[in-house]
1. How large is the Rg to Rh ratio of the stretch 245-623 when both quantities use alpha carbon positions and Rh follows Kirkwood?
2. Under the rule a/c < 1.5 gives rounded, and otherwise a/b versus b/c splits prolate from oblate, where does the stretch 24-230 land using the Cα gyration tensor?
3. Go through 623-634, 387-398 and give me the packing order, highest mean Cβ count within 10 Å leading.
4. I'd like the per residue volume of the convex hull spanned by the Cα atoms of the stretch 706-763, given in cubic angstrom.
5. Of the beta bridges DSSP finds with both residues in the chain, what % are antiparallel, to the nearest 5?
6. Under a crude label model (7 Å from the Cα following the beta-carbon direction), how far is residue 120 from residue 639 in nanometres?
7. Within 10 Å, count the other beta carbons around each residue, average over each peptide in 497-504, 724-731, 611-618, 234-241, and list them highest first.
8. Specify the angular offset, from 0 to 90 degrees and rounded to the nearest 10, of the alpha carbon long axis of helix 3-17 from the longest principal axis of the alpha carbons in the chain.
């Protein structure tokens, strides 16, 4: 018997003498693992503490009844490194948690269980999340240890938020991007919040199943291990992923995306609703958003899909580096005149998800992001989509070749394919520097280009001769102007000189891209966060600049309709782009989005507008209004799936302002013929009633458009009862709002005025 087993039986004997351990049934296998029998039963899964902070523990709610119908055996401790090395003799991982193995991927843990099953002729596996919590609740009674201390533990299930309701032998979702991790949070326990806040058995974390140590042993030495279960897999059926409107009703036709205005065009839109943006928790929840959404939505990513849809991703938070920060995604559908409300995108639960970056490369969309607080995280991770964001690949972690220099795990807003085919990805270095990661084989391997530019949050572009230009970033300057970093050797070395643009400070990030015309476009502010402007700059606010000679000279044009910082007094009250990002669509339209305004903004314009001379900027009322007054010719369209089934029918045409707009009815279907989404449009604007359905046929939500601006949002529980009702004036909640329990009981009732919650009654 191994030393750990001997110590365990002595410990259990002492607990039994004290009456703390019941007459449990134990089993020791061929590796010396001690497993204890967990009898079938029923328990309440999730956090039942009425004092629970929903801002931190929303993943543990709602608490709900669960029945486990079969006994099973579970390891009284996690698997040790010695035991794991019987399977992989050379594995090292994170040796700070000895005697237990840590730093293994979910796949490693599953393969170990399969190997052990074959070795002994028994059925070993990972515990389901429900089995893990059920056993952890009986830890003292059964003699199970380490349920709220390191190492953390992989579970079998794909992660998602609880739906509630009685579950029998639950096994999680059919699919997902992250696997459940139990036993604490993933972020470094020595930073930020105390680990004790997360040291309870109902806390849920999750991360991609491929997260493990890289071949060089530099990244992935995390704190996750596992314990095994002996027993057949529960009979519960995996549940389908929740319906997500950001991934539904998406055209694959790319021909329409080439249609766009040829005359000067400029338009302003609100990007995020209020609430959500810059709102307190009670207002967010009362307006109809769950606690997953948070009031500080920042550091946006932006791209235009091959089909013309525009995607924006924000991290949503209250404080920027809390473990509950996650990603939300919104879509401006090609042919629609307004942004969809944001939907959940991706979340490493228990880890801070930060710094999103979107990049369209031919038919493929890349989404990068970082994990700045995660123990032994990689410099970044990414997922890919080849169908305009309907489906996404598993999470991938980079394999680095060669040395990796100092860096922060935060991508910026620049990614591009260079003239030689190399993909460059911008990320923060350490301190006031930035770095370009690069791949020459489409992400199979990556390397550090070697040098560091002269600012944090540097925005990069490549010249036609291969020269790389890096526009400052923030909190660095030369005589009040932004530094310009120049590299002639692919980012290995940089020289720095003064640029033509004002320096930026906190809450500011520039952006730059090469346009289809070959010109370079830059966007930023005229002043820094304190309102300072360098000598020679007399304008205030923000601007775009265009260069036809590789950045030697620039035509600068102020941006009309920009708004002040969300905090009065910042930038001396001048308008700001905050953290901006810019992309160009297949039809030549340029899309620029902001953060740190109230709310975040979207500007759409073309090169013809930049080069035009306007006598005076139009008013905000004009900028926010569509210029379309009629459709020249409306056409009916249909799309089919790979089996030839009709999956969409819609109408639209080219408007007098040059845009292709939805005009008439739009219907999308699931593969079985049931409706997925139905709406009616008038010149790109939704009218009548819009409905989104779950795969089973039930309504997820409906929006009733009462006038051109006023509408009502009704959401539904899976049982068909109303979940919430709220009233809106454009993108601002305005009027009564109510929330209901699944049984129909009224939970809260509030009243909004122009996005502000002015009255609330919680029942």
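Values in this text are rule-based calculations from the coordinates and carry no lab data. The shown structure was predicted, so the numbers you read here are calculated from the model rather than taken from an experiment. With ideal geometry, Cβ positions are generated from the backbone for all residues, glycine too; neighbour counts draw on all protein chains shown.
1. A ratio of 0.93.
2. oblate
3. So the order, starting with the most tightly packed, is 387-398, 623-634.
4. Cα convex hull per residue, to the nearest whole number: 69 Å³.
5. The antiparallel fraction comes to roughly 95 percent.
6. The two pseudo-label positions are separated by 5.0 nm.
7. Ranking, from highest mean packing down: 497-504, 724-731, 234-241, 611-618.
8. 70
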